[in-house]
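The next block holds one structure in the form of structure tokens; read it before the comments.
Every number here is computed from the coordinates shown, using simple stated rules; none is lab data. Here the structure is a predicted model, which means the values were calculated and not measured. All Cβ positions, glycine included, derive from the backbone under ideal geometry; neighbour counts span all protein chains shown.
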């Protein structure tokens, strides 16, 4: 089973500033990496797939990068609606498509 | 519009059983793999189970293997999760999640259904 590790667990950033979230896989997942955003009381929603492709409704301020075992989600100029929990997940080969433990992005 | 609506959750005693259903609409259900993901209160996401588009292939996390059974009825656009020998640690919100293809990223999530295992 591939283990996904996210850092930091909590990130405090002021509105308008940039946030950088990291995700590491225990073995290569190529570019088979997705990011999801979850707000309190809501289901997660797809943000990014293929490590760097924005989902249909994802704003351009979200930028994904990386391949193999190291991935980054960058959010430039944070908006109030961006404060949430972010999960990375691999979908490499066969299940289990494990998730990282999440990064909580909070307002500084 | 893609919709996934879970039902069948609730309170059950340890050792009991429950069947979750997920009713799908807005897409050709029989063309896509579907997954179950759960989230314990205040915790992260845990991948639970998956089934291929035709039901011929299934996957279970070790934590539920032998106790949970995933199935689908493509004629009814419905996914099921039969849960037995339930434990307190199975308490979670269970999400029905659509695969974007077959064994690929997840593009749509249901709203989730709460299962509470407690005496």
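Springs between alpha-carbon atoms under 10 Å, Gaussian network over chain B: tell me which of B:61, B:24, B:50 tops the mean-square fluctuations.
Its mean-square fluctuation being the largest, the pick is B:61.
Taking only the alpha carbons of region B:1-79, what extent do you get along each of the three principal axes, in Å, biggest first?
That works out to 36, 25, 24 Å along the principal axes.
Kirkwood Rh, chain A, all Cα pairs: how many Å?
For chain A, the Kirkwood estimate is 13.6 Å.
For an R0 of 22 angstrom, estimate the FRET efficiency from the Cβ-Cβ distance between residue B:65 and residue B:116 and round to the nearest 0.05. Walk me through the intermediate numbers first.
Numbers: r = 22 Å, r/R0 = 0.99.
Using R0 = 22 Å, I get an efficiency of 0.50.
With the Cα gyration tensor of region B:29-119 in hand, convert its eigenvalues to equivalent ellipsoid semi-axes via √(5λ) and list them largest first in whole Å. Let's see the in-between values first.
Working: eigenvalues 97, 41, 26 Å².
The equivalent ellipsoid of region B:29-119 has semi-axes of 22, 14, 11 Å.
Evaluate E = 1/(1 + (r/R0)^6) for residue A:106 and residue B:28, where r is the Cβ-Cβ distance and R0 equals 45 Å; express this FRET efficiency to the nearest 0.05.
0.65
Relative to 2.2 N^0.38 Å, what does the C-alpha radius of gyration of region B:75-119 come to as a ratio? Two decimals please. Display every interim value, and only then the final one.
Numbers: Rg = 13.2 Å, N = 45, 2.2 N^0.38 = 9.3 Å.
Taking N as the residue count of region B:75-119, the ratio is 1.41.
Taking N as the number of residues in the protein assembly as shown, what is its Cα Rg relative to 2.2 N^0.38 Å? The partial results should precede the final answer.
Numbers: Rg = 17.3 Å, N = 227, 2.2 N^0.38 = 17.3 Å.
Dividing the Cα radius of gyration by 2.2 N^0.38 Å gives 1.00.
Given springs between every Cα pair under 10 Å in a Gaussian network model of chain A, which of A:41, A:16, A:64 has the largest fluctuation?
A:41
Return the average number of partner chain Cβ atoms within 10 angstrom of each residue Cβ along peptide A:40-46.
5
Please find the FRET efficiency linking residue A:56 to residue A:18, where r is the Cβ-Cβ separation and R0 is fixed at 30 Å, and quote it to the nearest 0.05.
About 0.80, to the nearest 0.05.
Evaluate peptide A:90-98: per residue, the Cβ atoms of other protein chains within 10 Å of its Cβ; return the mean as an integer.
Mean inter-chain Cβ contacts per residue within 10 Å come to 6.
Gaussian network model of chain B, Cα springs within a sub-10 Å range: biggest mean-square fluctuation belongs to which of B:55, B:44, B:16?
B:44
Take the alpha carbon atoms of region A:14-59, find their radius of gyration, then divide it by 2.2 N^0.38 Å using N residues; give the quotient.
Region A:14-59 yields a ratio of 1.33.
Return a whole-number percent for the relative contact order of region A:1-99, with Cα pairs under 8 Å and 6 or more residues apart as the contact set.
35
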